Each structure stands twice: as C-alpha cells, then as structure tokens.
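The block underneath contains the structure these notes are about, expressed in structure tokens.
The values are calculated or read from the model by the stated rules, or taken from the named source; none is laboratory data. What you see is a predicted model; the values in this text were computed from it and never measured. Here the Cβ positions follow ideal geometry from the backbone for every residue, glycine too, while neighbour counts run over all protein chains shown.
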Amino acid sequence: MQTYSIHPIVVGTKVFDKGMMTYQHDYGKPYTIPIYCWHSEGGLSVIIETSQGRAVITGFCVIEENFNPPPAIRGMEMDVIPPGTVVNACEAYDILKRVKNMADILIPLHEPRFASVATIP
C-alpha cells in the first residue's frame, strides 16, 4: 500500500466565539482558527494511509478539544463534543466517536496546532 505525507496549507484565519466549535462549551471566549486548504470537496472526511498509520482529516468544523474534551465535559459522561453547529447533535456525537476510533492520527479541520506544521506525520 502506498503511503503519503500531508502538507497543511493555511489560507487564512478567522476569529469567532469558541462555543461555535465546542457545542455549548466556552461561549463568549474568542478563538482564532486557521482556514486550511486540504484539497477535498464538501464535508467528507478523508482517510490517508501514512508511514505512521491512518490519518483522518475531518470534513466537519472541529478542533482537538472536540475529540479530547476537558474534565468538566468528561464529567458529564461525554467522550467527545459535537460541533457547535449541527442538525442532529446525537448523530454528530456518534460520528465524532466513530472518526476518533478509526484514526491513528486525527486532524480536526480547524485545529490551530497544524498551522505551523510542515508535514504530517
């Protein structure tokens, strides 16, 4: 199987309310996200086989905290935080858990830490 490396391309940034990313958590807190260009159409997540395992670039608006919530959220028996804008929060929750479980390397669509990374992995 051929493997690939991922090169994040930042095409801009956006400052908005963090609660828009972390469904009902941290509303009122300004948050800056990078706008990446991953060359994928629509809202589909993309799976890429890399030398370090399966990488998943999410096709939905999330950050690392959506997949690894702080203790206050985990204390409410939530393993993940659905995105802030959803049609069905229960379905979004299940999708995040499924994506988290299928990835060796998780690349949330708006995660700031990838803005300064040249290659993944």
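Counting only residues that are under 23 Å from PHE16 (Cα atoms) and modelled with pLDDT of 95 or more, how many does the range 71-80 have? So that I can check it myself, show each step before the final result.
Of all residues in the range 71-80, those under 23 Å from PHE16 (Cα atoms) come to 72-73, 80.
Now narrow it down to the ones that are modelled with pLDDT of 95 or more: 80.
The total comes to 1.
Scanning for something in a loop (DSSP other than H, G, I, E, B) and without any contact (Cβ under 8 Å) to a residue 24 or more places away in the chain, does the range 99-111 turn up at least one residue? First the steps, then the outcome.
Taking the range 99-111 first, the residues in a loop (DSSP other than H, G, I, E, B) are 103-104, 108-111.
With the extra rule that they be without any contact (Cβ under 8 Å) to a residue 24 or more places away in the chain, the set shrinks to none.
No, the range 99-111 contains no residue that is in a loop (DSSP other than H, G, I, E, B) and without any contact (Cβ under 8 Å) to a residue 24 or more places away in the chain.
Which one is farthest from the chain's Cα centre (by Cα), of the residues in the range 54-77 that are surrounded by 15 or more Cβ atoms within 10 Å (Cβ to Cβ) and assigned to a loop (DSSP other than H, G, I, E, B)?
Looking at residues that are surrounded by 15 or more Cβ atoms within 10 Å (Cβ to Cβ) and assigned to a loop (DSSP other than H, G, I, E, B), I get PRO69.
Checking TYR36 against (1) in contact with a Phe, Trp or Tyr (Cβ under 8 Å, 6 or more places away or on another chain); (2) modelled with pLDDT of 85 or more; (3) under 17 Å from PRO8 (Cα atoms); (4) not acidic (Asp, Glu): exactly one of these is not met. Which one?
All conditions pass for TYR36, except number (2).
Answer yes or no as to whether SER51 is under 23 Å from TYR31 (Cβ atoms), out of contact with any Leu (no Cβ under 6 Å at 6 or more places or on another chain), surrounded by fewer than 17 Cβ atoms within 10 Å (Cβ to Cβ) and not basic (Lys, Arg). Talk me through it step by step, then tell me what you get.
Values: under 23 Å from TYR31 (Cβ atoms): no; out of contact with any Leu (no Cβ under 6 Å at 6 or more places or on another chain): yes; surrounded by fewer than 17 Cβ atoms within 10 Å (Cβ to Cβ): yes; not basic (Lys, Arg): yes.
No, not satisfied.
If you check HIS25 against the conditions, is it outside any helix (DSSP H, G or I), in contact with a strand residue (DSSP E or B) (Cβ under 7 Å, 6 or more places away or on another chain), at negative phi and not small (Gly, Ala, Ser)?
Values: outside any helix (DSSP H, G or I): yes; in contact with a strand residue (DSSP E or B) (Cβ under 7 Å, 6 or more places away or on another chain): no; at negative phi: yes; not small (Gly, Ala, Ser): yes.
Here the answer is no, as HIS25 does not meet what is asked.
Look through the range 6-37, keep the residues that are closer than 29 Å to MET78 by Cα and among the hydrophobic types (A, V, I, L, M, F, W, C), and return whichever of them is surrounded by the most Cβ atoms within 10 Å (Cβ to Cβ).
Ranking the qualifying residues of the range 6-37, first place goes to MET21.
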